[in-house]
Amino acid sequence: MEPNLDLIRADDAPLTWAMIQDQLAEAHAHLGELISEMNRDSQFDQVDTMIRLGHIYGHLNRFCYGRKIPGGDVDQLHTDSNSEFPDDVTLT
C-alpha cells in the first residue's frame, strides 16, 4: 500500500503533529478569550480586535505551513512567511 502524502499521522511524524496541534490549540484559546470578552461586554474596540484576530490568523497560518515542515522544527515554523496566509489554501 502506497503512503498517502496528503495525510499527516501522529505516529509517522510525532513532532510535526505536536507542533501543528499546538498551533490549533493556541488559536482556539485566543478565539475563545475573544468570544468570552465579547459576550461579557456589548462593545469592542475594533483596532484591538483586528490585532487579536491577526494573532489568531498567525496561529492558523502556522498550522497550515507547519504540516510541511519535516521533523517539527519549531524554529523554522516561527518565521514571518509562515505566519502569512498560505498560498496553497483555497477558501470557498
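The rows are residues; the columns are (1) in contact (Cβ under 8 Å) with a residue 40 or more places away in the chain; (2) in a helix (DSSP H, G or I).
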position: L7; (1), (2): no, no
position: W17; (1), (2): yes, yes
position: D22; (1), (2): no, yes
position: G32; (1), (2): no, yes
position: S36; (1), (2): no, yes
position: D48; (1), (2): no, yes
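Does D12 fit the bill of being more than 23 Å from F85 (Cβ to Cβ), of a type outside the set (S, T, Y) and out of contact with any Leu (no Cβ under 9 Å at 6 or more places or on another chain)?
Considered against the rule, which asks whether it is more than 23 Å from F85 (Cβ to Cβ), of a type outside the set (S, T, Y) and out of contact with any Leu (no Cβ under 9 Å at 6 or more places or on another chain), D12 comes out as yes.
Out of (1) touching a Phe, Trp or Tyr at 6+ places or on another chain (Cβ under 7 Å); (2) open to solvent by 100 Å² or more (accessible area, probe 1.4 Å), what's the single condition that is false for L24?
Single failed check for L24: (2).
Just the residues that are open to solvent by 50 Å² or more (accessible area, probe 1.4 Å) and either in contact with a Lys or Arg (Cβ under 8 Å, 6 or more places away or on another chain) or in a helix (DSSP H, G or I) (or both), please, taken from region 54-92.
Listed by number, the residues that qualify are H55, Y57, L60, F63, P70, G71, V74, D75, Q76, H78, D80, S81.
Only one residue in A13, A25 is at pLDDT 90 or above and farther than 23 Å from T90 by Cβ, so which one is that?
A25
Among residues belonging to region 39-84 that are of a type in the set (D, E, K, R) and within 19 Å of L24 (Cβ to Cβ), point out the one that is modelled with the lowest pLDDT.
My answer is E84.
Regarding S36, is this residue over 22 Å from D88 (Cα atoms), of a type in the set (S, T, Y) and either at pLDDT below 90 or touching a strand residue (DSSP E or B) at 6+ places or on another chain (Cβ under 6 Å) (or both)?
no
The values are calculated or read from the model by the stated rules, or taken from the named source; none is laboratory data. Bear in mind that the values here come from a model prediction, so they are computed numbers and not experimental data. Cβ: placed from backbone, ideal geometry, glycine included. Neighbour counts: every protein chain shown. Keep in mind that these areas ignore ligands, DNA and RNA; they rest on the heavy atoms of the full protein, side chains included. Shrake-Rupley method; radii C 1.70, N 1.55, O 1.52, S 1.80 Å.
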